[in-house]
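Note sheet for the following structure.
The values are calculated or read from the model by the stated rules, or taken from the named source; none is laboratory data. Quantities reported herein were computed from a predicted structural model and do not represent experimental measurements. Please note: Cβ atoms are built from the backbone with ideal geometry, for glycine as well, and neighbour counts cover all protein chains shown. Only protein heavy atoms, including side chains, enter the accessible area calculation; ligands, DNA and RNA are left aside. Shrake-Rupley method; radii C 1.70, N 1.55, O 1.52, S 1.80 Å.
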Amino acid sequence: MATAFAPTKLTATVPLHGSHENRLLLPIRLAPPSSFLGSTRSLSLRRLNHSNATRRSPVVSVQEVVKEKQSTNNTSLLITKEEGLELYEDMILGRSFEDMCAQMYYRGKMFGFVHLYNGQEAVSTGFIKLLTKSDSVVSTYRDHVHALSKGVSARAVMSELFGKVTGCCRGQGGSMHMFSKEHNMLGGFAFIGEGIPVATGAAFSSKYRREVLKQDCDDVTVAFFGDGTCNNGQFFECLNMAALYKLPIIFVVENNLWAIGMSHLRATSDPEIWKKGPAFGMPGVHVDGMDVLKVREVAKEAVTRARRGEGPTLVECETYRFRGHSLADPDELRDAAEKAKYAARDPIAALKKYLIENKLAKEAELKSIEKKIDELVEEAVEFADASPQPGRSQLLENVFADPKGFGIGPDGRYRCEDPKFTEGTAQV
C-alpha cells in the first residue's frame, strides 16, 4: 500500500581512505529528493569534483546515485508490530511530556529558558531506539525528549525541570543540561556546538578501548545538533577529527529550518548541510525528518557502519518545530503558511496512519498507549511537585573536582553554610 512511509531507498558508494582503485565501497541508503520549504534544489547526491591535484590525499566524496531501487513486493513492511508500537509509544511520550512542560512553565513551576521538541519526535525516536544502553547520546538545549528516548525516566526529567533533588542532575542542571551516567546520556549543552566535541571524545574513547585496550567494545555515539550549529567552527573541527580517526559517531543535524529567528536559507552559503560530510571523507545523507521510518532506515545504516569500525556519518534530518524557539518566543517570525504545511505532516499522525492502514495496530491499541502515557506524565508531575528542593549545602557540589579551598573550608564544612558567606551581597 503506497503511503508517505513507502520503503523507497537510494544507494550510493562512498570511497574511504586509500587509492582510487583500492577504495572501499559502502552502501548508503538515502531519502528521495526533498520538497521541503527549506530545500533550494533536488537533494539527490551527485559526483563532486575531485580533480584538485595539489591535495596529498584523494578527495573522499559520495560518488553518485545508483538508480533508485523499486520495491519488488509492495506488501513488505519496514517494521514489525512490536517495533511499530515501541516507536509510537516513544513519540507519544515525547509529545505529551513537552505539552505538559508548557503547562508547567506557564504555571510557574519551571524557570529560565525551556525549549520544546514538538514536531521533531521522528528524529529522536528514529535514532535513539536503535541504540543500546552503553551507546552514548549528546544533545543540545532542546534535550528533554532525547533523554526520555534514551531511557531516563519521566520522573527524573520532570523533577530536573522543577529543580528538585530527585531530578537526573539533582536539580542543578535544569532544562538545558539533562545528564544521566546510567543511561549514557552525556548531557544537553546550552551553547551551540558545545556538545559536538564531547560526543567526538566519547567516540574516541570507544575506539581506544576497542583497539588499544583490546576491550570488547562496539559502542557508538550519536550527536544531535541543529542547522544553526553547522556554521560553527567546532562542527568542522570534529568532522575532520572523526573522519581522520574513523570514529564510531553519527552526526545528526536536526534541520528545523530556523536558528532561533534566523532562516536557514539566509544564514549559510550552501543550505545542503549533508554535503559537508563528503568534504571531510564521510558519507553525507539527507532524510525526511518528519518520517520516523525513513529516519530509522538511515539510522540503521549509519549505526551499523559505526559498529563495524567503518567510521562516521553525517545525517541531515529536515524537520520542523511546532512551537517557538523557546517558551519565551512568541513565534511571530515564521510564516503562517509554512507552519501550517508542516503541521499537516505531523510525524506522529503519519506513523499512526501507517500502523492502522498496514494492520500493524488497531485504533484501540494506540488509544491505550496514549492513555498510558498521559497517566505516566501526570504521575511524573505529581512526583516532581512533591519532591524536595535541593539543600543549600548542595550549591557547590559537582562544581569543582577538588573543592578544598573552593567550596569547603579548612574545617570540612561548606563555606556557604557560614552565615558570613553572603555578607554584603544582595539577599535573594
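In whole Hz, with x marking every Gly and Pro, tabulate ³J(HN,Hα) for segment 202-217 from phi via Karplus 6.51 cos²θ - 1.76 cosθ + 1.60, θ = phi - 60°.
My calculation for segment 202-217 gives 5, 5, 5, 4, 4, 5, 5, 5, 6, 8, 9, 7, 6, 8, 7, 9 Hz in order.
Can you tell me the length gained on complete extension of the stretch Leu396 to Leu376, counting 0.36 nm per residue apart and subtracting the Cα distance? Walk me through the numbers before you get to the answer.
Values: separation 20, 0.36 × 20 = 7.20 nm, distance 3.27 nm.
Length gained, Leu396 through Leu376: 3.9 nm.
Against the globular-protein guess of 2.2 N^0.38 Å, express the Cα radius of gyration of segment 78-386 as a ratio, rounded to two decimals.
0.95
Give me the distance in nm between label points sitting 7 Å out from Cα along the Cα-to-Cβ direction at Cys416 and Lys181, one decimal.
2.0 nm
Which order, highest average first, do 119-125, 387-393, 227-233 follow once you tally other Cβ atoms within 10 Å for each residue and take the mean per peptide?
The packing order, highest mean first, is 119-125, 227-233, 387-393.
According to the square roots a ≥ b ≥ c of the eigenvalues of the Cα gyration tensor, what is the shape class of segment 247-372, taking rounded for a/c under 1.5, prolate for a/b larger than b/c otherwise, and oblate for the remainder?
oblate
Could you check the spin-label model distance between Ala344 and Cys217? Points 7 Å from the Cα along Cα→Cβ, value in nm.
5.0 nm
Highest first, please rank the peptides 372-381, 238-247 by the mean number of other Cβ atoms sitting within 10 Å of their residues.
Per-residue Cβ counts within 10 Å, averaged per peptide and sorted highest first, yield 238-247, 372-381.
Could you put His146, His325 in order of accessible surface area, largest first, with the 1.4 Å probe and the full protein assembly present?
Result of the area sort, largest leading: His325, His146.
Could you give me the ³J(HN,Hα) list for segment 288-300, computed from phi with Karplus coefficients 6.51, -1.76, 1.60 and θ = phi - 60°, whole Hz, x at Gly and Pro?
Running phi through 6.51 cos²θ - 1.76 cosθ + 1.60 with θ = phi - 60° gives 5, x, 9, 10, 4, 6, 5, 4, 5, 5, 5, 4, 4 Hz.
List, in the order given, every pair from Lys129/Lys181; Lys300/Lys371; Lys81/Lys181; Lys207/Lys276 whose Cα-Cα distance in the structure shown is over 25 Å.
Among Lys129/Lys181; Lys300/Lys371; Lys81/Lys181; Lys207/Lys276, the Cα-Cα distance tops 25 Å for Lys300/Lys371; Lys81/Lys181.
In whole Å, how far is the Cα centre of segment 119-189 from that of segment 215-263?
18 Å
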